[in-house]
Structures are given as structure tokens and as C-alpha cells.
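To start, the structure itself, in C-alpha cells.
Read-outs throughout are calculated quantities, based only on the coordinates presented, and are distinct from any laboratory measurement. The shown structure was predicted, so the numbers you read here are calculated from the model rather than taken from an experiment. No Cβ is skipped: glycine too gets one built from the backbone with ideal geometry, and neighbour counts run over all protein chains shown.
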Amino acid sequence: MSDRNIIIKPNPFPGLRAFRPDESHLFFGRIESTLKVVSKLRDNRFVAVLGASGSGKSSLVMSGVIPALLRENTEGKKLWSYLVFRPALNPVDHLAAELAALSAGAGFTQLTEQNVAASLHNRAEGLTDAVGRIRKNLRQQIVIVIDQFEELFRFSHAASAGVPCEDTSDFIDLIVNAVQKPDQGLYIILTVRSEYVSECARFNALTNLMNGSSYLLPQIPTDLMGAVIEEPVKLSGAAIDRALVKLILGDIEERPGQLPVLQHLMMRLWDHWSRLGDMSRAISIS
């Protein structure tokens, strides 16, 4: 078969990275978890999503929770926006940069990164203050997703030695104070690896927040795992042999943290199959 007869369809599997909000139509198996996290977020303006590495915390938030909120934008009651960042070594400055970038979008009052950073560094209420200045009306709701929150502890030499460093304490104070203040249209989601919960427990105020609103992400039920493989394939106009699906599921069954591995396998399998050129044939073992 000549190369010009080969049609490469877009790969519906993200591989080892998390799903993005624009890929929510390809995200399956997490409807119940999405609804529960959204409910906790609405009730408390805060939720910590906990789970083992590879359990799909980031994908749940990015391709389940965020799209669920954004769908309300067409209803006219609230106007949701979001930002996502990882703490790394300078969490306050990273947050300032993301807030400044968000404020440059349509419908917000633009603030410079330096202006936001000064507010965040100088006062415990700085996050509430910055968000209040960015918003132009009460309809605007801002969701801050702090992905891989455990980086606060992993990347801090002082914290890893058992001593909370100043940057970590200041950043946690910003979060706690913002959630405890009256509703300013600000919502906060953390994703946290479960093995770092003990690190969070060293901060009493953060512990109280997490005790009041957290969600331990369960494994996807066995009866829904087939859809994780089959539905994206169907949406892309292809088919996959049920024998192959059964073989893959049997290999990962009862093994936690395998979702990224599964997505990577399917991404590579799709790439190989699509290069064969006969798109009328189902993806199969042979």
C-alpha cells in the first residue's frame, strides 16, 4: 500500500500525561467521581483530591471537574474560569504569574505579575485581595487547581528535613485564609499523592480544610474499565477487538496506578495500527 493511501487518524489516547479539559469527550470511567468532587467543591469552595501515583487525580480534575463547571457558562448564572499550576520551588511566585496571566484574559481587570506577587507576599489575605481585584462582577468564579501539591514537600530541602520552610508555610496560609474568608468567587482544588498526606498533617489549618473536604480517588470499577479503552476508539471512528480488550484488562487488573501505563499502551497501539493504513480493520492482537 502506498503512503498516500494511508490515513492517520488523530490519536485519542494521551499517553503518560494527564487528560486536558479539551479532551473531556475522550475521558471515561469517572462520572461518579466527577460529580462527587464537584459537589464537595461547591459546598466548601475547597477540595483535596487524594490518591496514589498513577490513579488519575489530575485527569479527573482537568477532564472531569473543570469541564463540568465550564458547561455552566452557557446558563448565564456563573462564569467559570480556571488556572492550573504546580508549586515547584517558588509556589507563591508561580501562583502570582498564573493569576496575572488569567487577569489578562477577556472580562477581567488586568494586573501585573509584580503587583500580584507583592500582594501575595505581603499579607496572608493576599490571594483573596488579588482575586477580588481581578474579578469585575459577582458572576465570575475562579478555580485555582494546585496540581501535585506534594511538590511543596518534595522540592523543599527544609521540609524534607522535617522542618516546614517559610515559603511552604506562607503558601499554605494563603490557601487557608482564602477559603476561610466569605465567598469571593474563589475555589481551590488540590491534587495530592496519598503518601504525602502525613506531610499535610503537619499544618493544622490545612489538616482541618482537608478533613472537611477531601476525596480519596478509588480505582475505576472493573465494569467501567472496558469503556476507558473502547469508547475513545469508537469516537474516533474505529473499532477494537474484544479479545484484545480482555487481554489488556486482565493484565492490569488489581494493579493500582496503572492508568497512565494503560493510556500509553493504547497510544502506542493506536499509532502502530493507524500506520498500517487499513482503517476498516479493528485493532486486534494479530
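Starting from the coordinates of the alpha-carbon atoms of the stretch 1-110, obtain the Kirkwood hydrodynamic radius over all distinct pairs and give the value in Å to one decimal.
Averaging 1/r across every pair of different Cα atoms and inverting gives 16.5 Å.
Could you tell me whether the stretch 49-117 comes out rounded, prolate or oblate from its Cα gyration tensor? Rule is a ≥ b ≥ c as square roots of the eigenvalues, rounded for a/c under 1.5, then prolate if a/b exceeds b/c, otherwise oblate.
Taking the square roots of the gyration eigenvalues as a ≥ b ≥ c, the stretch 49-117 is oblate.
Can you check what the Kirkwood hydrodynamic radius comes to for the chain, Cα pairs only, in Å to one decimal?
With all distinct Cα pairs of the chain included, I get 20.6 Å.
When ranked by the protection proxy of mean other Cβ atoms within 10 Å per residue, highest first, what sequence do the peptides 119-132, 49-62 form?
49-62, 119-132
Holding the Cα-Cα limit at 25 Å, pick out from LYS36/LYS57; LYS77/LYS136; LYS9/LYS36; LYS36/LYS77; LYS136/LYS181 the pairs that are longer than that.
Over 25 Å apart, Cα to Cα: LYS9/LYS36.
What does the charge count around VAL192 come to, taking other residues whose C-beta lies under 11 Å from its C-beta (Lys +1, Arg +1, Asp -1, Glu -1)?
-3
Along Cα→Cβ, 7 Å out, is where each label goes; now give me the distance between the ones at ASP271 and LEU16 in nm to one decimal.
So the two model labels end up 1.2 nm from each other.
At 0.36 nm per residue, and after removing the present C-alpha to C-alpha distance, how many nm does the segment from GLU230 to ASP93 gain when stretched out fully?
45.1 nm
On full extension of the chain, what length is gained from ARG71 through ALA106, given 0.36 nm per residue of separation minus the C-alpha to C-alpha distance?
Separation in residues times 0.36 nm, less the Cα-Cα distance, equals 10.8 nm.
Work through the residues other than SER213 whose Cβ is under 14 Å from its Cβ and net out their charges, Lys, Arg +1 and Asp, Glu -1.
Neighbourhood net charge equals +3.
Please identify the helices of the chain, taking whole runs of DSSP H, that span at least 24 Å along their own axis as judged from the Cα atoms and have a mean Kyte-Doolittle score of -0.5 or higher.
Answer set is 259-276.
Over what distance in Å are the Cα centres of the stretch 69-94 and the stretch 205-249 separated?
The distance from the Cα centre of the stretch 69-94 to that of the stretch 205-249 comes to 24 Å.
If amide H atoms are built 1.01 Å from N in the plane of the peptide, which residues on other chains or at least 5 residues away come under 5 Å of the amide H of GLN219?
HN-HN under 5 Å from GLN219: empty list.
Evaluate the distance, in nm, between pseudo-label points positioned 7 Å from the Cα of ILE252 and of ASN115 along their respective Cα→Cβ axes.
4.6 nm
Highest mean first, what order results for 143-149, 223-229, 104-110 on Cβ atoms within 10 Å?
Final packing ranking: 143-149, 223-229, 104-110.
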